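Student: Pasting in a structure now, in structure tokens, and then I'll have a few things to ask.
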Amino acid sequence: MKALTNQEVALIIKCNLRRIQNQSILTKERVAELAHISMERYNQYETGAKLMNFCDLVKIANALEVKTDDLLDGILDFMKKNN
């Protein structure tokens, strides 16, 4: 199985983050506040401009009350398709 690039992982997380946040009653600002990260960093994750680090992944998942797996959903499928 071929490893994904940071850009590919960031794209998958971006799509999941947007979907989950849109389903949430929380605003982006509130998620960033609850996760104790800057709005600038949250926007970088949401646009896929920056790969989310593990600590922020956990903090954002907790703020959104989802599992980290929900933010990482689809990574293995993507790897299998592009092998």
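Student: In the list 80, 67, which residue meets the criterion of being at pLDDT 95 or above and among the basic types (Lys, Arg)? Talk me through it step by step, then tell me what you get.
Tutor: Details: 80 fails: at pLDDT 95 or above.
Matching residue, one of 80, 67: 67.
Student: Filter the range 40-63 down to residues that are touching a residue at least 24 places away in the same chain (Cβ under 8 Å) and among the β-branched types (Val, Ile, Thr) and give me whichever is surrounded by the fewest Cβ atoms within 10 Å (Cβ to Cβ).
Tutor: The residue in question is 47.
Student: Going by what's in this entry, would residue 17 be described as outside any helix (DSSP H, G or I) and not hydroxyl-bearing (Ser, Thr, Tyr)? Spell out how you get there, then give the answer.
Tutor: Values: outside any helix (DSSP H, G or I): no; not hydroxyl-bearing (Ser, Thr, Tyr): yes.
When the stated conditions are applied, residue 17 does not pass them.
Student: Please specify each residue of the range 27-39 satisfying the condition of being surrounded by 17 or more Cβ atoms within 10 Å (Cβ to Cβ) and touching an Asp or Glu at 6+ places or on another chain (Cβ under 8 Å).
Tutor: Residues of the range 27-39 that are surrounded by 17 or more Cβ atoms within 10 Å (Cβ to Cβ), as a first pass: 31-32, 35, 37.
Hits for the range 27-39 are 35, 37.
Student: Further, regarding this structure: Return the residues of the range 31-72 that are in contact with a Leu (Cβ under 8 Å, 6 or more places away or on another chain) and of a type in the set (Gly, Ala, Ser); say none if nothing qualifies.
Tutor: Listed by number, the residues that qualify are 48, 61, 63.
The values are calculated or read from the model by the stated rules, or taken from the named source; none is laboratory data. For clarity, every value in this text was computed on a predicted model and none was experimentally measured. Neighbour counts are summed over all protein chains in view; Cβ atoms, including those assigned to glycine, are modelled from backbone coordinates with ideal geometry.
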